[in-house]
Amino acid sequence: MNLSAGTRNSMLLCVKVLFSFARERNYLPAERMTAAEQIKKVKVKTDDVSVFTPKEMEKILHAAPRHLVPILAIGAFSGIRMAELNRLDWSAVDLERGHIELRASQAKTASRRIIPITDNLRAWIEPLPRKGQVVRTVLLHREVTALARALKLEWPRNVLRHSFISYRIAKVKSADQVALEAGNSPSIIFKHYRELTTEDQADQWFGILPKDGQWETTYQWDHRARVVTLPESEA
C-alpha cells in the first residue's frame, strides 16, 4: 500500500497496542518481543508542504458540481482539516456573523475555534442548501480526488489546508492569527508556511469566485471505477 509515513506509524501503533493487550491476557509470552515491537517508526518529513496555485484551484472549483463545492471551497478558503469538516454541521456556518464555529469536540486539538468566512468563501457557499452535515458522505472525498485526476492534477496530502495556511499568512502576515484560525501553533505556521507564497498570489487565491453557470456544472461519475469523465469543454 502507498501510505504516508504518519499513517504507517499510526497503523504500527495500533498493532502494538493489540499485541500488548494480548500479552496482558497471557495470549502471548511475556518475555518474547513481537515482530511489531521490533519495527521502528518511519521518520515523518514535516517540511514538505505542497500547495495548489490559484489557477489550479480555480480549475478544480469551476469543474466541480454543486455537491462537491462544500468540501473544496471550505477546505481551500477556511483551512479546516478534512476530519473536522466531516464532523461539521451547516448550523455551525454562520453567514450573518461571518464565521464558522468549530466546537472542541469536532476539532483535532480539542479546542473551540472561530474561523472567519472570507468574501469569496461566502460567494461559494451562500447559494448552497445548508442543512444537515456539510459533507453528506465521506465517499465524496474519493470523487474530489477523481475530479483532480480527470483535470490532470495531482492531489497531495492535506493540499487544501496547506494551501489555505500558505496564502493566508501571505495575506494577513500574522502567524498568531493564522494559528488561531487553523488550529495550529504559531511556531509551526512560521516554520513551514511563511514565504511559500506572495501577497499577490494570496489576493488571487482569495479572489477565486464561481463562474457564470457554476451551479449547472455536471460530469459523469463512475463510483465503482472511481473515474470522472468531464464534458469536452472542461477536459
**Report entry** Residue identified as of a type in the set (Gly, Ala, Ser) and farther than 24 Å from Arg136 by Cβ among Ala73, Ala83, Ala63, Ala30
**Finding:** Ala30
Query - the range 184-232, residues that are within 17 Å of Lys55 (Cα to Cα) and either small (Gly, Ala, Ser) or surrounded by 15 or more Cβ atoms within 10 Å (Cβ to Cβ) (or both) - result: Leu196, Thr197, Gln201, Ala202, Gln204, Trp205, Phe206, Gly207, Ile208, Pro210, Gln214
Requested in this report: Being modelled with pLDDT of 95 or more and hydrophobic (A, V, I, L, M, F, W, C) is the filter here, so list the residues in the range 176-224 that pass it.
Outcome: Ala202, Trp205, Phe206, Ile208, Leu209, Trp215, Trp221
Query raised in the report: Any residue in the range 92-105 that is in a loop (DSSP other than H, G, I, E, B) and in contact with a helix residue (DSSP H, G or I) (Cβ under 6 Å, 6 or more places away or on another chain)?
Result: no
Query raised in the report: Within the range 134-184, which residues are in contact with a strand residue (DSSP E or B) (Cβ under 8 Å, 6 or more places away or on another chain) and within 22 Å of Gln214 (Cβ to Cβ)?
Result: Val134, Glu143, Ala146, Leu147, Arg149, Ala150
Report summary line: Counted residues in the range 118-132 being surrounded by 15 or more Cβ atoms within 10 Å (Cβ to Cβ) and more than 18 Å from Leu209 (Cα to Cα) come to 0
Requested in this report: Name the single residue, out of those in the range 207-227 being in a loop (DSSP other than H, G, I, E, B) and among the polar types (S, T, N, Q), that is farthest from Arg142 (Cα to Cα).
Outcome: Thr217
Query raised in the report: Quick one: which of Arg113, Arg103, Arg161 is touching a Gly at 6+ places or on another chain (Cβ under 8 Å), farther than 26 Å from Thr218 by Cα and of a type outside the set (Gly, Ala, Ser)?
Result: Arg113
Report summary line: Out of (1) within 29 Å of Ser185 (Cβ to Cβ); (2) at pLDDT below 95; (3) in a loop (DSSP other than H, G, I, E, B), the one Phe52 does not meet is (2)
Query raised in the report: Across the range 89-114, which residue is surrounded by the fewest Cβ atoms within 10 Å (Cβ to Cβ) among those that are under 16 Å from Leu72 (Cα atoms) and among the hydrophobic types (A, V, I, L, M, F, W, C)?
Result: Trp90
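The values are calculated or read from the model by the stated rules, or taken from the named source; none is laboratory data. Computed from a predicted model, the values in this text were never measured in an experiment. Methodologically, a virtual Cβ is constructed for each residue, glycine included, from the backbone with ideal geometry; neighbour enumeration extends over all protein chains shown.
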